[in-house]
Amino acid sequence: WDPVPPPFCLLLIKILKMKSAILALLVGSAAAFAPSARVGSSSALNMVNELELGATAPLGVFDPLGWLDNEPENFERRRAVERKHGRVAMAAIVGCIVHNNHITFDGYLSPSANLKFSDVPTGIDGIRAIPTAGLAQILAFFALVELAWMPASKYDGDYGVGYFGVDIADPEEKARKLNVELNNGRAAQMGIMGNMVVECMTGQTMYEQYAAGHISPFGDGQGV
């Protein structure tokens, strides 16, 4: 078995290798792990200090490039970007797991193309099965969310929907749940990126890897 990754996968692998090398250098900055209270960023999240959110053990405040000192005015935007990427990644990894277990909607994704939801392959190839008009609708929906419904300019990420419809008044409880969201989002970003990279490296989807007992991405696709 000798998979030949498509050009997109090769490019993705090169980018990830480069980013991994950069990350390895950043982690070497031991001084970045010390907690800090340098930015007293006010928040609309019911007296929750944004700087303290996500600063959990063992890293504490992880700022290897010194942005809190050099560019404190940009902290709020960067936190908003991190939060939104985490939310998108959490939805992506859940969808990936569900689809790889062959749980799909009934009916047709595109009646005109005679394409059922169950016809869409799992893994990265799934996006290639979606008709152009369908991709355009997805992008239009993204634009609606980003510009109007949940605008990127609203940095606090609080869109008035609460926690499953419930507004949490206790600042400590709210901070705990926001920490959970941030950390789960970070894990999801690593998870969905790792899933795509390993699929490109092995030529197997998540389902195929588990079915074959292929846990290591450096084997031959036939086992651990």
Which ones in segment 108-134 are part of a helix (DSSP H, G or I), under 24 Å from residue 194 (Cα atoms) and out of contact with any Asp or Glu (no Cβ under 8 Å at 6 or more places or on another chain)?
126, 127, 128
Looking for something open to solvent by 90 Å² or more (accessible area, probe 1.4 Å), of a type in the set (Asp, Glu) and closer than 29 Å to residue 206 by Cα - is there at least one such residue anywhere in segment 76-83?
no
Please go through segment 136-183 and pick out each residue that is among the aliphatic types (A, V, I, L, M), open to solvent by less than 80 Å² (accessible area, probe 1.4 Å), part of a helix (DSSP H, G or I) and closer than 20 Å to residue 89 by Cβ.
138, 143, 145, 178, 180, 182
Quick check: anything in segment 41-51 at pLDDT 85 or above, over 29 Å from residue 196 (Cβ atoms) and open to solvent by 60 Å² or more (accessible area, probe 1.4 Å)?
no
Return the residues of segment 149-171 that are among the hydroxyl-bearing types (Ser, Thr, Tyr) and either touching a strand residue (DSSP E or B) at 6+ places or on another chain (Cβ under 9 Å) or without any contact (Cβ under 8 Å) to a residue 40 or more places away in the chain (or both); say none if nothing qualifies.
153, 159, 163
Somewhere in segment 99-107, is a residue open to solvent by 40 Å² or more (accessible area, probe 1.4 Å), within 23 Å of residue 187 (Cα to Cα), assigned to a helix (DSSP H, G or I) and modelled with pLDDT of 90 or more?
yes
Of all residues making up segment 174-204, the number that are aliphatic (A, V, I, L, M) and under 11 Å from the mean Cα position of the chain (by Cα)
6
Only residues that are assigned to a loop (DSSP other than H, G, I, E, B), modelled with pLDDT under 85 and out of contact with any Phe, Trp or Tyr (no Cβ under 8 Å at 6 or more places or on another chain): list them for segment 204-222, please.
212, 213, 214, 215, 216, 217, 218, 219
Name every residue in segment 51-88 that is more than 19 Å from residue 184 (Cα to Cα) and not in a loop (DSSP other than H, G, I, E, B), in order of residue number.
67, 68, 69, 70, 72, 73, 74, 75, 76, 77
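The values are calculated or read from the model by the stated rules, or taken from the named source; none is laboratory data. Worth saying up front: this structure is predicted, and the values here are computed from it rather than measured. Glycine also receives a Cβ, built like all others from the backbone with ideal geometry; neighbour counts cover every protein chain displayed. Surface accessibility is based on the protein's heavy atoms, side chains included, excluding ligands, DNA and RNA. Shrake-Rupley method; radii C 1.70, N 1.55, O 1.52, S 1.80 Å.
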